[in-house]
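Each remark here refers to the structure printed beneath this line.
The values are calculated or read from the model by the stated rules, or taken from the named source; none is laboratory data. Everything quoted here is computed from the prediction, not taken from an experiment. Glycine gets a Cβ as well: all are built from the backbone with ideal geometry, and neighbour counts include every protein chain shown. With ligands, DNA and RNA removed, areas are computed over all heavy atoms of the protein, side chains included. Shrake-Rupley method; radii C 1.70, N 1.55, O 1.52, S 1.80 Å.
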Amino acid sequence: MESKMKRLLALAAIFAAVMAQPAALFAFGARETLTVGAAEDFGAVTAAEIYAQALEKAKFRVERKYEAGEDGEHSLRQSLLAGKIDWYAAYSGETADADGRLVALEPVAANHEWGLAVLKDTAEARGLSTLSDLRAQAGELTLAVPQEFLDSPSGFPLLTEKYGAFAFKKKTLAVSEDALHMPFHMKQVDAIPLRADDGRLTDPNHVRLADDLGAFPPEHLTPLARREFIAGNAKARELWRKIAASLDRNAVVELNSKVVAQGLPYPNAARAYLKAHGFFR
């Protein structure tokens with residue numbers, strides 16, 4: 001009985017010592033659940049899904065939180081600060097919070113900046129290769145834009161600030177980026193905004209005009225993570241570093257083409273990418 005009591009007391013002492021250790025030591029142990037998030041942009045969700053599947057392959061349990069709607073990114077940031085999620089992908093350019101609780105990780109290599117595009121026939125017939133060329137002939141051309149491009153601080157305001165007014169023959173407001181492309185292909189409009197990593201750039205009929213005056217700054221998907229996530233997970237961080245480096249322009253354009261143009265579900269596109277780039281053996 002005395003021997004049994006001693007063993008129980010010894011176990012109790014060990015348990016008390018373990019529980020007294022800093023919580024950070026256990027925050028991201030083996031098979032601990034990590035929560036990754038992304039705002040509604042298809043590029044952000046695809047990158048998050050690639051990371052989530054790579055983490056699962058590395059024996060982490062992963063939960064996903066993909067937010068839709070205009071407030072999605074704000075909601076994710078609040079969840080990150082509250083410790084409800086560990087990592088999220090966004091194009092916001094935010095790098096940290098006032099208390100240093102959040103850390104910006106390695107940005108994706110691909111650029112997400114705005115630009116304007118015309119069809120190949122239009123470009124060849126009018127000799128269009130730059131935004132300056134487009135501005136010079138705007139009076140004979142039509143433009144369709146989504147509200148997002150007009151409102152974005154990195155969109156239309158920068159274009160007119162650098163180049164001056166574009167006096168298009170007609171401007172049409174589209175309900176979304178996706179709604180632009182049918183009238184564009186049917187030649188009902190001549191020019192549309194197109195991001196540098198848009199999947200439709202796999203179509204050679206899309207000619208994205210060179211930003212010869214440098215109006216649009218580079219935009220790179222830059223995940224934010226809780227500092228505890230970084231401190232306790234060297235393996236998870238190194239995994240993201242490798243993924244981010246692999247996501248160059250060609251890779252992201254191809255991924256976005258599969259998701260947007262071909263309608264491939266995010267998980268399928270992510271799985272195919274990981275296999276093709278050697279993350280899955």
Checklist entry - residue 242: under 30 Å from residue 60 (Cα atoms), in a helix (DSSP H, G or I), at pLDDT 95 or above and open to solvent by 10 Å² or more (accessible area, probe 1.4 Å), yes or no? => result yes
Next on the checklist: List pairs: first residue in segment 65-84 and aliphatic (A, V, I, L, M), second residue at pLDDT below 85 and not in a helix (DSSP H, G or I) anywhere in the structure, Cβ distance under 6 angstrom, at least six positions apart or on different chains.
Outcome noted: 68/40; 76/67
Checklist entry - Hey, any hits in segment 43-63 for a residue that's surrounded by fewer than 17 Cβ atoms within 10 Å (Cβ to Cβ), more than 19 Å from residue 280 (Cα to Cα) and modelled with pLDDT under 75? => result no
Checklist entry - Is it the case that some residue within segment 210-221 is over 17 Å from the mean Cα position of the chain (by Cα) and either among the β-branched types (Val, Ile, Thr) or in a helix (DSSP H, G or I) (or both)? => result no
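Matching residues to (1) open to solvent by less than 40 Å² (accessible area, probe 1.4 Å); (2) not β-branched (Val, Ile, Thr):
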position	(1), (2)
175	no, no
186	no, yes
192	yes, no
199	yes, yes
214	no, yes
Checklist outcome for this item: Selection from segment 262-281 of residues closer than 16 Å to residue 45 by Cβ and either surrounded by 18 or more Cβ atoms within 10 Å (Cβ to Cβ) or in contact (Cβ under 8 Å) with a residue 60 or more places away in the chain (or both) yields 266, 267, 269, 270, 271, 273, 274
Checklist entry - Does residue 248 satisfy being closer than 30 Å to residue 157 by Cβ, buried (at least 22 other Cβ atoms within 10 Å of the Cβ) and under 18 Å from the mean Cα position of the chain (by Cα)? => result no
Checklist outcome for this item: Flagged pairs (Cβ under 9 angstrom, 6 or more apart or on separate chains; first in segment 208-219, among the charged types (D, E, K, R); second open to solvent by 50 Å² or more (accessible area, probe 1.4 Å) and outside any loop (DSSP other than H, G, I, E, B)) are 211/162
Checklist outcome for this item: The correct count of residues that are among the hydrophobic types (A, V, I, L, M, F, W, C) and open to solvent by less than 70 Å² (accessible area, probe 1.4 Å) in segment 226-239 is 4
Next on the checklist: For the list (1) farther than 17 Å from residue 213 by Cα; (2) open to solvent by less than 40 Å² (accessible area, probe 1.4 Å), I need the number of the one condition that residue 139 fails.
Outcome noted: (2)
Checklist outcome for this item: Of all strands (runs of 3 or more DSSP E) fully inside segment 104-187, the set with 1 or more residues that are modelled with pLDDT under 90 is 170-174
